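The structure appears below as structure tokens.
The values are calculated or read from the model by the stated rules, or taken from the named source; none is laboratory data. In this text the structure is predicted, and so the values were computed from the model without any measurement. Here Cβ is always computed from backbone atoms with ideal geometry, including for glycine, and neighbour counts include all displayed protein chains.
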Amino acid sequence: RYGEKIGLPRNFVIFDDDDQVKAMERLLKETGLDAQVSPRTILSRIDRAKNRGVDPRSIKVGIYDEEVERLYPMYQDALAREHAVDFNDLLLRVLDLLDHPQVGPVLKARFRHVLVDEFQDTNRVQYDLVSRFASATRNLTVVGDDDQSIYAWRGAEPKNLLDFDREFPDARVIKLEHNYRSTQTILDAANGVIQKNRDRHEKSLWTDKGMGDTLELYQAGDERGEAYFIAQSIRRMLDDGPHSPSDIAILYRTNAQSRVLEEHLRAARVPAKVVGAMSFFERKEVKDAIAYLRLLVNPAADSAFERIVNVPPRVIGDTTVDRLRAAARAAGCGLLDAARLAARGEVAGLGTAPRKKLQSFVELVDGLCDVIQQGASVGETIIQVVDRSGLRAKLEAEASAESRDRLDNLAELVSTATDFDDEESTGEDGEVPATAVDAFLERVALAAPGDQSASEQVVLMTIHIAKGLEWPIVFLGGLEDGLFPSLREREGTSEDAAMEEERRLAYVAITRAREKLILTHARTRRQWGEIRIQGPSRFLEDIPPGCFGQKYSQRPRPSLVPRGPRMDSMDDQSSPAASGQWRARRPSQQRKLRDEFDQRSGDDDEPVFQVDGDAPSVGFLIGSAVSHSTLGVGRVVAIAGIGKDQKVVVDFGAIGRKTVFARFLAADASGDELN
């Protein structure tokens, strides 16, 4: 109606996310910057600045400042040429209208009452918009909880609510402290965590639902032991009733944490789905890294070639790829071999520049093949892929929340591969066989998402996505300093402000539970293939001791810290929390040979769980010699399950490692002769 007053025609269009990306892609190609920076990196810089109502060129962060300086006016000109606005401009242009001498007074008097919900999630531009709409009547009502302001990374400003009574001194403040969702024990835990924040309105939630169940706390040896505990606990809850899968949620700080949980939930036959993100192996950056591996072990994998030839961007255009396809058809070879021909100048129609880029790509692939031939483990191979290809450098340079999430997923892929390396047989020199990458790819291909057709499923999601939702039972994992709370530096945010937001995030996570809350953390966690010792989250210390009931906190000796059974031996295992009885056994020496970064003591190994009332299990120990009627003599390296269904992973030397039922094995008296 009033667009023409600020230069917008009545038929203006709104650019959605895809439109914005395509527009920025065109500008990057025009300026020759498409190989240096991604469209989303520049758009995220523009978005953050517009959320604050400032010119993106005025914010200097030390990286891509010149690119923003050059591209922002071009982006705005591109919008203007198409009579378009992006989502941020929708608000900014309304502010322009409110400043217009004729239109402004009309708009300010248009609404007698202005009501805003979730006010703690508003940014500065939205705050200005609301306050101007209400400036004529002063009839403004806002509802919000400053303790749940968790979206600073996308522009939310908690001070909009915290300073509201200062900017509107005549405002009446009504505290809504009566909670109708959670038990008092859960609320006491949430209150204990959030009360450590200084920049907040003082309040304390209460309920008339009663104290309810106490909180459970479980410490695992590593992330696999944590996931195993969660999966088996849920399996037991579903078996015992009365809860159904849709009553249960697993929450975590970062998307990368879902991978090991998905794996163990599948093994425990728990119907589950990831909400708000793709299943781990379906995520773009993970599929990109996997495609590199596929091409390395199978040079004829044209689909892998096409996926990664320009990932990260190498300015190898569609025309170049089309000519490679034609050359491959003519020569009867794959695209990688066609690229070799092109690098030697044997493909018609390709200039010097594309030939050089293809030559660089071929050299990259050949160098990575050499890494495998030299005996690198699968984990190390993936690290080399991520580093040499430029994937890691590109994501680190972007320095956005999305790029950090993608880096976490790549780090988790390395951890997945390193776990796989630990499980696989090694040669006499300790190197992983050349076929290991093939075997890993087969494992990944079989790691399909769980049954998505089930009518009821356990949900997995980040805490940010869980805001506003609730479940009878909530598992909150990864409660370790550095993971939750995250200790990463944040652009334009002080350490204190960042920690207060992490504390608010913990408050949100805790209050998602209605009846039962189980908290878990791991003593060690892999990152980029290295094992790191993790300290418990400082938030656990803030929870009043009376909130906790049973704590499963393992001691290193003699009760061993569980690492969780390996995936090839997980079938009918019992829950590690069922009785708290650990069976001591000899330390495994093989792990020390396989993983030089392992910081755990020699007897920090997988536990054997024995549950009261179950049939006794065969008395094998890790490291003991056993014999099989067909496979011969070997040593036990892992045990899972109990009774007649107990399974044992045995290293049979030249044959390799095999998983067999314990009832088919016998103790071997000649075991002392085995090495």
Only one of Val21, Val68, Val37, Val94 that is outside any helix (DSSP H, G or I), under 29 Å from Thr493 (Cα atoms) and β-branched (Val, Ile, Thr): Val37
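Within region 161-198, how many residues are over 30 Å from Gly210 (Cβ atoms) and hydrophobic (A, V, I, L, M, F, W, C)?
5
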Failed condition for Gln20, given (1) surrounded by fewer than 17 Cβ atoms within 10 Å (Cβ to Cβ); (2) polar (S, T, N, Q); (3) under 18 Å from Leu91 (Cβ atoms): (1)
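Per-residue answers, yes or no, for (1) within 26 Å of Ala439 (Cα to Cα); (2) in the same structural domain as Ala436 (by TED's automatic domain parsing); (3) modelled with pLDDT under 70; (4) in contact with a strand residue (DSSP E or B) (Cβ under 7 Å, 6 or more places away or on another chain):
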{"position": "Gly623", "(1), (2), (3), (4)": "yes, no, no, yes"}
{"position": "Val626", "(1), (2), (3), (4)": "no, no, no, yes"}
{"position": "Ala638", "(1), (2), (3), (4)": "yes, no, no, yes"}
{"position": "Asp645", "(1), (2), (3), (4)": "no, no, yes, no"}
{"position": "Val648", "(1), (2), (3), (4)": "yes, no, no, yes"}
{"position": "Gly656", "(1), (2), (3), (4)": "yes, no, no, no"}
{"position": "Val660", "(1), (2), (3), (4)": "yes, no, no, yes"}
{"position": "Arg663", "(1), (2), (3), (4)": "no, no, no, no"}
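Yes/no matrix, rows are residues, columns are (1) under 26 Å from Ser131 (Cβ atoms); (2) surrounded by 14 or more Cβ atoms within 10 Å (Cβ to Cβ); (3) free of Cβ contacts under 8 Å to residues at least 24 places away in the same chain; (4) more than 33 Å from the chain's Cα centre (by Cα):
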residue: Glu66; (1), (2), (3), (4): no, no, yes, no
residue: Tyr75; (1), (2), (3), (4): no, yes, no, no
residue: Leu79; (1), (2), (3), (4): no, yes, no, yes
residue: Asn88; (1), (2), (3), (4): yes, yes, no, no
residue: Val94; (1), (2), (3), (4): yes, yes, no, yes
residue: His100; (1), (2), (3), (4): yes, yes, no, yes
residue: Leu107; (1), (2), (3), (4): yes, yes, no, yes
Give the residues of region 441-455 that are surrounded by 12 or more Cβ atoms within 10 Å (Cβ to Cβ) and at pLDDT 75 or above, sorted by residue number. Leu441, Arg443, Val444
With the requirement that a residue be among the polar types (S, T, N, Q), out of contact with any helix residue (DSSP H, G or I) (no Cβ under 7 Å at 6 or more places or on another chain) and either buried (at least 19 other Cβ atoms within 10 Å of the Cβ) or part of a loop (DSSP other than H, G, I, E, B) (or both), what does region 175-214 give you? Ser182, Thr183, Asn191, Gln195
Suppose the filter is of a type in the set (Asp, Glu) and either in the same structural domain as Leu33 (by TED's automatic domain parsing) or surrounded by fewer than 20 Cβ atoms within 10 Å (Cβ to Cβ) (or both); does Asp288 pass it? no
Given (1) surrounded by 17 or more Cβ atoms within 10 Å (Cβ to Cβ); (2) free of Cβ contacts under 8 Å to residues at least 60 places away in the same chain; (3) over 19 Å from Gly225 (Cα atoms); (4) of a type in the set (S, T, N, Q), Thr435 misses just (1)
Check on Ala80, farther than 24 Å from Pro312 by Cα and either among the acidic types (Asp, Glu) or modelled with pLDDT of 90 or more (or both): yes
Just wondering, is there one or more residues in region 185-201 that are more than 30 Å from Arg110 (Cα to Cα), without any contact (Cβ under 8 Å) to a residue 40 or more places away in the chain and assigned by TED's automatic domain parsing to the domain that holds Glu263? no
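Does Asp89 satisfy the condition of being part of a helix (DSSP H, G or I) and either of a type in the set (Asp, Glu) or closer than 23 Å to Arg490 by Cα (or both)? Don't jump to the end; show me each part of the working.
Numbers: part of a helix (DSSP H, G or I): yes; either of a type in the set (Asp, Glu) or closer than 23 Å to Arg490 by Cα (or both): yes.
Yes; evaluated as a whole, the condition is true for this residue.
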Leading residue by the ranking (surrounded by the fewest Cβ atoms within 10 Å (Cβ to Cβ)) among those in region 215-232 that are of a type in the set (A, V, I, L, M) and assigned to a strand (DSSP E or B): Leu217
If Asp288 satisfies every condition in (1) farther than 30 Å from Arg236 by Cα; (2) more than 17 Å from the chain's Cα centre (by Cα); (3) of a type in the set (D, E, K, R) but one, which is the exception? (2)
Can you tell me which residues in region 351-398 are more than 15 Å from Val437 (Cα to Cα), at pLDDT 90 or above and either outside the structural domain of Leu410 (by TED's automatic domain parsing) or among the polar types (S, T, N, Q) (or both)? Gln359, Ser360, Ser389
Report whether or not Gln384 is surrounded by fewer than 20 Cβ atoms within 10 Å (Cβ to Cβ) and in contact with a helix residue (DSSP H, G or I) (Cβ under 8 Å, 6 or more places away or on another chain). yes
Within region 501-518, is even one residue modelled with pLDDT under 95, under 30 Å from Gly212 (Cβ atoms) and in a loop (DSSP other than H, G, I, E, B)? no
In this structure, does Phe280 turn out to be in contact with a Lys or Arg (Cβ under 7 Å, 6 or more places away or on another chain), within 20 Å of Val386 (Cα to Cα) and either crowded, with 21+ Cβ neighbours inside 10 Å or among the basic types (Lys, Arg) (or both)? yes
Just give me the residues in region 1-18 being assigned to a helix (DSSP H, G or I) and among the acidic types (Asp, Glu), in sequence order. Glu4, Asp17, Asp18
Using beta carbons and a limit of 7 Å, which pairs, at least six apart or on different chains, have the first residue in region 276-294 and at pLDDT below 90 and the second one part of a loop (DSSP other than H, G, I, E, B)? Ser279/Pro449; Phe281/Ala447
Which one is farthest from Val311 (Cα to Cα) among residues in region 273-295 that are touching a strand residue (DSSP E or B) at 6+ places or on another chain (Cβ under 7 Å) and either outside any loop (DSSP other than H, G, I, E, B) or among the small types (Gly, Ala, Ser) (or both)? Lys273
Name the pairs: first residue in region 467-483 and touching a residue at least 40 places away in the same chain (Cβ under 8 Å), second residue of a type in the set (Phe, Trp, Tyr), Cβ to Cβ under 6 Å, at least 6 apart or on different chains? Gly477/Tyr252; Gly478/Tyr252; Gly478/Phe484
State whether the residues of region 262-281 include one that is acidic (Asp, Glu) and not assigned by TED's automatic domain parsing to the domain that holds Leu410. yes
Could you please give the count of residues in region 40-64 that are outside any helix (DSSP H, G or I), basic (Lys, Arg) and in contact with a Lys or Arg (Cβ under 9 Å, 6 or more places away or on another chain)? 0
Is it the case that some residue within region 410-429 is farther than 30 Å from Ala277 by Cα, of a type in the set (Gly, Ala, Ser), out of contact with any Lys or Arg (no Cβ under 8 Å at 6 or more places or on another chain) and not assigned by TED's automatic domain parsing to the domain that holds Ile531? yes
Of those in region 314-373 that are within 23 Å of Leu28 (Cβ to Cβ) and touching a residue at least 60 places away in the same chain (Cβ under 8 Å), the residue surrounded by the fewest Cβ atoms within 10 Å (Cβ to Cβ) is Val315
